[in-house]
Amino acid sequence: MKGSNAISQLIALASTFAGALLALILLGKSSGEHQFLQSQSDKFHQLTDEEKRNLRLSYRDFISQTATRQQQLRDIHSAVLLDPRLERTLRHFGDWWKQLSRSDWDTWLTLNEENRLGFVKTRWSDVGVRRTGSDIEIRFAEAYARRLPRLQLTTQECLILISAMLPEQDRPEDVRVDLNNLKSDGHRALRLNLCLFEQMQTPPQMAKTADRIYSLKSILLTEIGDSEWKAAFQEAIRPVEGRTWEVGWLTPIVYSIFSQSAMKLGNDLLREFPVNEEQMLEEFEQINADQQRAIMTMSPAQAKARLEFLAQTDSANGPEQQLLRRYAEFAGQRDQLTRSASFGLGTTAGNPQSGRGGLPPAGRSNTFPQ
């Protein structure tokens, strides 16, 4: 799998380099062959020194492979030439591969080819390779919206950003267990997102935040596929780069990305468990009298949304059910977090007098996404 997101480039460059070498050997061939080889040699000499160096390294890596592997790479290259969309898929696959845990990589080594395909099918969400209606759209506050358009993120890009903000060594054991059990990248990105908001209520995590927000700047400029937004972001950040308030300027942008991503991914999760009115009525009969009275005081739309969420939660099982409950707690307090949380650059979210954070533990409560 090494270098899977650059296979097409490797083959093309290796072919060019090979052509340049063969041109020196096969000058006695036909004029057509000679012209082709000469053109390959000319292409090579037009490259920059850095491109030539990368080309030589790629060619060295290619010829070190077994004959079977070389043929596989040629076949992949041919397929990419026939369908350029495959190259984007390969690049996203490479990004996904880099986000796997060490235990996943170790597991991969023990699998045969058939089981490896099964591993990918169960762990890799194809949402990450499409820039469609499944994308996450981020809108920024008015002060930023004048300079920054809406940001279009894929699930995979969101996972890259949240992984940088919450690297593996900072993830609690229960989060690591959940990440192994959840079935899609969208679910895993949501779990990490909610964990980040939970941890942001504690001083140890807040102390690390400024450096990580700063490190996200380079990721936003290099790893995000929304070229229009990247260009606007690069222009907008130029006046504050290197200034003492640079991290403070970045903070609302980062907060908007993670907050809105959590809401989008959470709502996507809810849609995976559709329920009908009969199931919602059954849910009403199962809750206690106090909860029934609370629902009857709500507007019809709110009451329906509350019963629908309870029914959806009961429809889910295992880690997805727990993830839904965590999401409900987050969604119910999102406005409070927006006002009080500052990602370590201001007042502490929650009540500092009580020592309790702003997010309660996951459980069956009366909060639900609006």
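No value in this document is a laboratory result; all are computed from the given coordinates. These numbers come from a predicted model, not from an experiment. Methodologically, a virtual Cβ is constructed for each residue, glycine included, from the backbone with ideal geometry; neighbour enumeration extends over all protein chains shown.
Listed from fewest to most Cβ neighbours within 10 Å, the set 197, 36 follows the order 36, 197.
Between the beta carbons of residue 66 and residue 211, assuming R0 = 51 Å, the FRET efficiency works out to 0.75 to the nearest 0.05.
Taking the beta-carbon count within 10 Å as an exposure proxy, list 160, 219 from fewest neighbours to most. Walk me through the numbers on the way to the answer.
Numbers: 160 22, 219 15.
Fewest-to-most ranking of 160, 219: 219, 160.
Extension gain, residue 121 to residue 180, is 19.8 nm, computed as 0.36 nm per intervening residue step minus the present C-alpha separation. Computed extension length for residue 244-residue 56: 63.4 nm, one decimal, from 0.36 nm per residue of separation with the Cα-Cα distance subtracted. Here the Karplus relation 6.51 cos²θ - 1.76 cosθ + 1.60, evaluated at θ = phi - 60°, turns the backbone of region 184-197 into coupling constants of 9, 4, x, 5, 5, 5, 5, 4, 5, 4, 5, 4, 4, 5 Hz, with x for every Gly and Pro.
When the alpha-carbon atoms of region 156-298 are used, the pair Rg, Dmax equals 19.5, 60 angstrom.
Can you tell me the order of 266-273, 233-240, 151-158, 246-253 when each peptide is scored by its average per-residue count of other Cβ atoms within 10 angstrom, highest first?
So the peptides 266-273, 233-240, 151-158, 246-253, ranked by packing, come out 151-158, 246-253, 266-273, 233-240.
Among 327, 214, 255, the order by Cβ neighbours within 10 angstrom, fewest to most, reads 214, 255, 327.
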